[in-house]
Amino acid sequence: MMLKKRNEELEKALEESKRREAKMISELQRTWERLRVAEEAEESLCSQLGELEAEAANQARAYHSRILSLMNELSQAHNLLHLTN
């Protein structure tokens, strides 16, 4: 009788252990999926950042070129003003 009771306790403990294991496996799978999604998002953001950095560098070069052009025009206008005075 005592052995039967002990066996039932062990079976119950085993079932509870199996439920906890299944729950942990499920949680691990969800965590793994969230990690995968986060890594994909990180890759996408890095790619977008690289594109934005390249675009910003191109715009900076264009603005610098435009500033130099305007400075040249201003200098020419200044020289013309001094020649006419």
Can you give the calculated 222 nm mean residue ellipticity of the chain, where each DSSP H run of n ≥ 4 adds -39,500 (n - 2.57) and the sum is split over every residue, rounded to the nearest 500 deg cm²/dmol? -37500 deg cm²/dmol
What does the accessible area per residue of the chain come to in Å², with a 1.4 Å probe and no ligands, DNA or RNA counted? 97
Relative to the longest principal axis of the C-alpha atoms of the chain, give the angle of the C-alpha long axis of helix 2-84, reported between 0 and 90° and rounded to the nearest 10°. 0
When averaged across all projection directions, what area in nm² does the alpha-carbon convex hull of the chain cover? 8.1
Between L70 and C46, what FRET efficiency follows from the Cβ-Cβ distance if R0 is 22 Å, with the result rounded to 0.05? 0.05
How much of the accessible area of the chain, in percent, comes from carbon and sulfur atoms when a 1.4 Å probe is used? 61
Roughly how big is the chain's charge dipole about its Cα centre, with Cβ charges of +1 (Lys, Arg) and -1 (Asp, Glu), in debye to the nearest 20? 520
What does the charge add up to near S44, with Lys and Arg as +1, Asp and Glu as -1, over the other residues with Cβ less than 14 Å from its Cβ? -4
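The values are calculated or read from the model by the stated rules, or taken from the named source; none is laboratory data. Bear in mind the structure is a predicted one, so any value in this text is a computation, not a measurement. Backbone-built Cβ (ideal geometry, glycine too); neighbour counts: all protein chains shown. Calculation scope for accessible area: heavy atoms of the full protein, side chains included, ligands and nucleic acids excluded. Shrake-Rupley method; radii C 1.70, N 1.55, O 1.52, S 1.80 Å.
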